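Computed from the coordinates by the stated procedures, all read-outs in this text should not be read as laboratory data. All values derive from a computational prediction rather than experimental measurement. Note: ideal-geometry Cβ built from the backbone for every residue, glycine included; neighbour counts use all protein chains shown.
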Amino acid sequence: MALTREEVEHIAELAKLALTEDEKARFQEQLSDILEHFQQLQALDTSAIPPTATVLPLRGVMRDDVVTPSTPTPVVLSNAPQATDDSFEVQAVLD
């Protein structure tokens, strides 16, 4: 399926691309080749292949939650530039 120059210009307009005449000619050829490949794929008989969301086996990728003790507050606050009681002290962001 060969694209016309006007179709390439329309696609470029939709994508908000400013193309030179050389680019239009090159993209006309390249996009036409891509569409020809899709036509070949459409010719394949896929009636015996069930619809598939993924070809990878489904498995959980998250680790199990394990309860562990938190870092003690004095250790965390030891790296803070300023701390008051059990909190970080920061400058006000809003007036």
- Task: State which residue is surrounded by the most Cβ atoms within 10 Å (Cβ to Cβ) when the search covers only segment 36-59 and only residues that are of a type in the set (A, V, I, L, M, F, W, C) and not in a loop (DSSP other than H, G, I, E, B).
- Result: Phe38
- Query: If you go through segment 29-50, how many residues are more than 26 Å from Thr4 (Cα to Cα) and either basic (Lys, Arg) or under 26 Å from the mean Cα position of the chain (by Cα) (or both)?
  - Reply: 0
- Top-ranked residue in segment 13-28 [being surrounded by 13 or more Cβ atoms within 10 Å (Cβ to Cβ) and part of a helix (DSSP H, G or I); ranked as farthest from the chain's Cα centre (by Cα)]: Ala25
- Could you list, in sequence order, all residues of segment 60-77 that are loosely packed, with under 10 Cβ neighbours inside 10 Å and either over 28 Å from the mean Cα position of the chain (by Cα) or not charged (D, E, K, R) (or both)? Gly60, Val61, Met62, Val66, Val67, Thr68, Pro69, Ser70, Thr71, Pro72, Pro74, Val75
- Item | Residue match in segment 60-74 (condition: without any contact (Cβ under 8 Å) to a residue 24 or more places away in the chain, not aromatic (Phe, Trp, Tyr) and not in a loop (DSSP other than H, G, I, E, B)) | yes
- Go over the candidates Ala92, Ala80 one by one and state the one that is over 29 Å from the mean Cα position of the chain (by Cα), surrounded by 10 or more Cβ atoms within 10 Å (Cβ to Cβ) and either part of a loop (DSSP other than H, G, I, E, B) or not polar (S, T, N, Q) (or both). Ala80
